[in-house]
Amino acid sequence: MIYAGDDVAKDDPKHFGLAYSKDLINWKKYEHNPVFSRGPQTSWDDWAIWFGTLFRQKGSLYLLYEGSSYSNPKKSQIGLALLD
């Protein structure tokens, strides 16, 4: 599972992490979290990232996500990141 999190803001996460479970009840966080973070200051996704979705295409792992910036927080955009 991929999840969004932040140690300060509840609705404006800055990282995505991974967790796994064999029974969907007991979960363990991936030891190399976070696997993705929002962009640097002044980038289109420097304020928050949401709704991460992972998919594999031709052997590569991609992350599709929504992002927003401090300069225009009411405008969301879709991002695609290569994680391999």
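The values are calculated or read from the model by the stated rules, or taken from the named source; none is laboratory data. Nothing here was measured: the structure is a model prediction, and the numbers come from that model. Note: areas computed on protein heavy atoms with side chains; ligands, DNA, RNA excluded. Shrake-Rupley method; radii C 1.70, N 1.55, O 1.52, S 1.80 Å.
For segment 2-57, which positions are open to solvent by 40 Å² or more (accessible area, probe 1.4 Å), part of a loop (DSSP other than H, G, I, E, B) and among the hydrophobic types (A, V, I, L, M, F, W, C)?
The answer is 8, 24, 25, 27, 35, 44, 47.
Would you mind stating whether residue 75 is charged (D, E, K, R) and modelled with pLDDT of 95 or more?
No; evaluated as a whole, the condition is false for this residue.
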